[in-house]
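A short worksheet on the structure shown next.
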Amino acid sequence: MEKINLKEKSNPIVEEKVLNWSSVQDAFQSAFGEEVYSSWLKHISLIKEYNDHVILGVKTRFFRDWITSRYADKILSELKKHKISINRIEFKIEPENISTKNSFNSTAISKITDIKNSVLNYNRLNPNLNFENFVTGTSNNLGFLSAKKACAQLSRYNPLFIYGGVGLGKTHLLNAIGLELSKNNKVMFISAERFMYQFIKSIKKNEMDSFKDFFRKANVFIIDDIQFIRGKEGLQEEFFHTFNSLFEQSSQIVISSDRAPNKLDRVQDRIKSRLSGGLVVDIGTPDYDLKLKILRQKISEYQSSFKENPDLEEDVINYIAKNSNSNIRDLIGTFNRVVAFGKMSKKSLSVADCKIILKDIYNSAKVITIDKIQNVTSNFFNITLSDMLSPRRSRPLARPRQVAMYLAKKLTSRSLPEIGRKFANRDHTTVIHAVKTIEKLTESNDELKKNVEELKSLVLSD
Ligand code: ADP
Ligand code: MG
């Protein structure tokens, strides 16, 4: 026993060793979190230690590239905490020894099932993202028609490459293709990120053969967000081979990306040329008409699933379509938010209400200041600003003052003491009182309620 211990101590680490690798590993675990640690850092070994640098061992080139591009700085700073003189890290690739590889055959079958099960989990198609509920307009019609065509005539456009900005419907279209084709084909639908995850896992577990088999069995291979492979050499290598074997066996390949193939920097040229070798179509940002059409569809979906109307006035719908930014995901988010708010407040919302509900989204760049609220309010009630801020308590001055405090609380993120200070150094309890008073009064006093609504609208517009 003693002999073995001695041997372990002197080899492979050289004389000056001061780092205790297992406590370094513990530090990694708390610094990087469990997920990153167990996927990456746990597998790093300490090969050699010098006074000012260390040589760390990793299993593959891909592993090394991944770790250096993401975690190297933080690893170094963690190491320095254990040994201050270290100022450099070198990585050495040390493939796993042969004996583990030999054990592959005996467990091959169980490993294949493992891959299969885990991949199947990601391969689920979402039945709600289909061709029927994909609304078309000028910006996405070509994408839609190409997707339909690709389904009707497999491998005619190979690959079909669909690109466009975030939230414009790429995943929806890819999923729709998958749904349509899964009736009669072996469809594989995976995001590039999942593909990588699966790839890494297979390397770690020595399951590359089953990985290759598995992906190459598909006769429809759909991969989402291919831009993820940028700068990841090992992954590109594997993707290239997967692509080629699928292509050679005439499997339909469908790819989405946030940019055109020739704009995929840090991607090998031979991959870019494969990606643009079939049909390349882009999805643009939706115009007003398409946004309206999507909102109308959302309303009818709402009606059929909840058996009730979402209660949106025509001008509210127009307002959302006009003011939402050019992203369908956000448009739908806005719609949901407005509808949810309407349901909560049990009333049909006005455009002014919408402006308030959506101010975070639309006005994120526009800051509403207390000064602005004070100016608008004093103008509105036809009093001077100094009167409004003065200590006088007569109602024609006190009421506008309270309204302005109320609006400052509702429309800005200022704290109560901050608001108090802006109102001639009043106490925060005065602000609370004002907010409560206005909240209470607007319940019964229609005139005041109307004024407050109008003021909100004025403050929120320019
Ligand atoms: P991307 O993948 O381009 O980022 P998604 O496909 O995830 O965008 O779309 C974002 C959201 O918008 C999804 O909920 C999707 O169903 C919806 N969506 C996008 N385009 C349309 C469309 N033309 N018709 C209906 N819903 C759409
Ligand atoms: Mg997507």
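The values are calculated or read from the model by the stated rules, or taken from the named source; none is laboratory data. Remember, it's a predicted structure, so these values are computed and weren't measured experimentally. Cβ coordinates were reconstructed from backbone atoms using ideal geometry, including for glycine residues, and neighbour counts include every protein chain displayed.
Could you please find all residues in the range 240-289 being within 26 Å of Ala152 (Cβ to Cβ), surrounded by fewer than 19 Cβ atoms within 10 Å (Cβ to Cβ) and over 28 Å from the mean Cα position of the chain (by Cα)?
Asn244, Ser245, Phe247, Glu248, Gln249, Ser250, Gly277
Scan the range 290-297 and give yes if some residue there is buried (at least 21 other Cβ atoms within 10 Å of the Cβ), more than 30 Å from Val339 (Cβ to Cβ) and either more than 13 Å from ligand 1 (Cβ to nearest atom) or within 25 Å of the chain's Cα centre (by Cα) (or both), otherwise no.
Within the range 290-297, not a single residue is buried (at least 21 other Cβ atoms within 10 Å of the Cβ), more than 30 Å from Val339 (Cβ to Cβ) and either more than 13 Å from ligand 1 (Cβ to nearest atom) or within 25 Å of the chain's Cα centre (by Cα) (or both).
Would you mention how many residues in the range 161-184 are more than 16 Å from ligand 2 (Cβ to nearest atom) and either touching a residue at least 60 places away in the same chain (Cβ under 8 Å) or among the charged types (D, E, K, R) (or both)? Please lay out each step first, then the result.
So the first thing to find is which residues in the range 161-184 are more than 16 Å from ligand 2 (Cβ to nearest atom), and the list is 180-184.
From the residues that got through so far, the ones that are either touching a residue at least 60 places away in the same chain (Cβ under 8 Å) or among the charged types (D, E, K, R) (or both) too are 180-181, 183.
Qualifying residue count for the region: 3.
Please specify each residue of the range 403-432 satisfying the condition of being closer than 22 Å to Glu453 by Cα and aliphatic (A, V, I, L, M).
Those that are closer than 22 Å to Glu453 by Cα and aliphatic (A, V, I, L, M): Val403, Ala404, Met405, Leu407, Ala408, Leu411, Leu416, Ile419, Val431, Ile432.
What are the pairs with Cβ atoms under 6 angstrom where one residue, in the range 188-204, is in contact (Cβ under 8 Å) with a residue 24 or more places away in the chain and the other, located anywhere, is among the acidic types (Asp, Glu)? Sequence gap at least six, or different chains.
Ser191/Asp224; Ser191/Asp225; Ala192/Asp225; Phe199/Glu238
Please pick out the residue among Asn184, Asn128, Asn158 that is polar (S, T, N, Q), within 16 Å of ligand 1 (Cβ to nearest atom) and at pLDDT 90 or above.
Values: Asn184 fails: within 16 Å of ligand 1 (Cβ to nearest atom); Asn158 fails: within 16 Å of ligand 1 (Cβ to nearest atom).
The unique qualifying residue is Asn128.
Among the candidates Phe161, Phe211, Phe195, which residue alone is among the aromatic types (Phe, Trp, Tyr), closer than 30 Å to Arg61 by Cα and not in a helix (DSSP H, G or I)? If you could, list the steps in order and put the result at the bottom.
Details: Phe211 fails: not in a helix (DSSP H, G or I); Phe195 fails: not in a helix (DSSP H, G or I).
Checking each option against the conditions leaves just Phe161.
Given the conditions (1) away from ligand 1 (no atom under 16 Å from the Cβ); (2) at pLDDT below 90; (3) within 27 Å of His43 (Cβ to Cβ), report the number of the one that Lys217 does not fulfil.
(3)
Select, from Lys201, Lys232, Lys170, the only residue that is among the charged types (D, E, K, R) and within 15 Å of ligand 1 (Cβ to nearest atom).
Values: Lys201 fails: within 15 Å of ligand 1 (Cβ to nearest atom); Lys232 fails: within 15 Å of ligand 1 (Cβ to nearest atom).
The unique qualifying residue is Lys170.
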